[in-house]
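Some notes on the structure that comes next.
The values are calculated or read from the model by the stated rules, or taken from the named source; none is laboratory data. Being a predicted model, the structure only gives us computed values, none of them experimental. Note that each Cβ is placed from the backbone with ideal geometry, even for glycine, and that neighbours are counted across all protein chains shown. Heads up: the accessible areas ignore ligands, DNA and RNA and are worked out on the full protein's heavy atoms, side chains in. Shrake-Rupley method; radii C 1.70, N 1.55, O 1.52, S 1.80 Å.
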Amino acid sequence: MATSLPHPSYPSGPADGVPFAGPGTPGSLRHAHWWQRAWVRYGALSTLLAMSGLVILALVREETGTEGFLVGLGLAVLPVPLLIAAFRWLDRVEPGPWRNLVFCFAWGACAAALIAIVANSFATRWIATATADPSSADTLGATVIAPVVEESAKAAAVLLVFLFRRRDFTGIVDGVVVAGVTATGFAFTENILYLGTAFGTDQLTGHSGIASVTAATFFVRIIMSPFAHPLFTVLTGIGFGISALSTARRPVRRIVFPLSGLLLAMGMHAMWNGSSAFGEYGFFAVYAAFMVPIFGLLTWLVIWTRQRELKTVRAELPAYAVAGWLTPAEPYALGSMRARRIARQYARRHLGRAAAREVAHYEAYATSLAFLRHRARRGGVRPDFAVREGELLGELWRRREVSRPALDHAARITAPPVPVVAPPWPVHGVYGHGYGYAHQPTRPTPYPAYNPYRS
């Protein structure tokens, strides 16, 4: 990778010699076959998910009845916004496009759930027929078959995003978000089935209120363990995230880590499903001894990884500031979540919501640029590096008029105080007579006032 960066010598865009290819740039797709066109792939995928959704809807409704389905749907949807918001919050440094999250949720709720229902039912019936012991078949199906089938079905969505949306899948946080949203969709459909079935049981037995099966199922699945399925699949996502960080010189790691994450997800899922076999309090023992600590550990890991991403932004972007693509203040502002928020608020207050969205896009493109350069410095240069760098620089250049004043304002607000060294001579009139410190400015400026874009 070349260490020198082009200087934007004129305000119309990137300088000569910088490859620039916007989203609409003609390229190899001009002569692509019809099945390689994006709208064909999107159409086929949307049709597959829609058909899976209709089939799973019919199966769940047949199992629970119309009334049970509606009750299960109303209760199962409650944790979904909270989980999606939590994963979106984790992805704030370099937020991925919403279309990826919509696909992941739809895959988990429709395709993965359909695969799980069909495969689990078939395997359980086959075991019951082969062993002539339906009770053992149910236990074996829950502890062995279900974890393998369900985690594999959910991992398929992570693999598809990893392969076909590689630009949006750059590290551990991306893997966690993709896997977590997929598992949230899967748990949503599964909760409809369990809660709807529980409601049907209560209708037959006449139970209601806190003593009902519906209330118990709601407490266990929605209150105590809404994060169970996301927690399992996040292990797979972490494996893919580590693979995304690995360079091409280590191909073994790029295969071993996703498989290891998938196996860990299956093992933890199996332990969770088999907790009832550990005695009367087996469920609570597994929950307290494994689920809660692992949940805390993974939460810490993701937050720590996000802080490392911010450090990467602060370390990589100064090179573009030296070349003139960014102002000197921007690397600091873009490496602080507080400064980013202040910049968006400043733009919204002075120019409206559209300007705030432009600043948010600017922050996302700048972060992607920092990660791209970081991977290249570590030996992960891809063939399209120059094209991608040009695309990102072009996106920043087009948004500079709105974004730079907001980020400069945020940098001034959040800049750390400039330390003032006490002079070796007496200072009078600052804090009275005698020795003291020079007066510190109320709004220190941590960068020079020179603007390379001002003629």
I'd like to compare 205-216, 135-146, 283-294, 231-242: which one has the highest average count of other Cβ atoms within 10 Å, and what's the full order after that?
231-242, 135-146, 283-294, 205-216
Distant-in-sequence amide H partners of residue 324 (H built 1.01 Å from N, under 5 Å):
none
Note, the range 183-193: 3J(HN,Hα) by Karplus (6.51, -1.76, 1.60, θ = phi - 60°), whole Hz, Gly/Pro = x, goes 5, 5, x, 5, 5, 4, 5, 5, 5, 4, 5
Protection proxy (average C-beta count within 10 Å per residue), highest first, orders 371-379, 390-398 as 390-398, 371-379
Under the Karplus relation 6.51 cos²θ - 1.76 cosθ + 1.60, θ = phi - 60°, what is the ordered set of whole-Hz ³J(HN,Hα) values for the range 403-410, x standing for Gly and Pro?
7, 5, x, 5, 6, 4, 4, 5
When the Karplus curve 6.51 cos²θ - 1.76 cosθ + 1.60 is applied with θ = phi - 60°, which whole-Hz ³J(HN,Hα) does each residue of the range 44-52 get, with x for Gly and Pro?
5, 5, 5, 5, 4, 5, 5, 5, 4
Please compute the per residue accessible area over the range 250-407 with all protein chains in place, 1.4 Å probe, rounded to a whole number of Å².
49
Rounded to a whole %, the carbon-and-sulfur portion of the accessible area of the range 43-94 at a 1.4 Å probe is 75
Report the local net charge at residue 143: Lys and Arg +1, Asp and Glu -1, summed over other residues whose C-beta lies under 14 Å from its C-beta.
-3
Above 19 angstrom, tally the Cα pairs of the range 133-288 and express them as a % of all pairs, no decimals.
60
Rounded to whole angstrom, the alpha-carbon centroid of the range 184-205 lies from that of the range 93-155 at a distance of 16
Ranking 266, 51, 271 from most to least accessible area with a 1.4 Å probe gives 51, 271, 266
Env charge @ residue 200, Cβ radius under 14 Å, K,R +1 / D,E -1, value -3
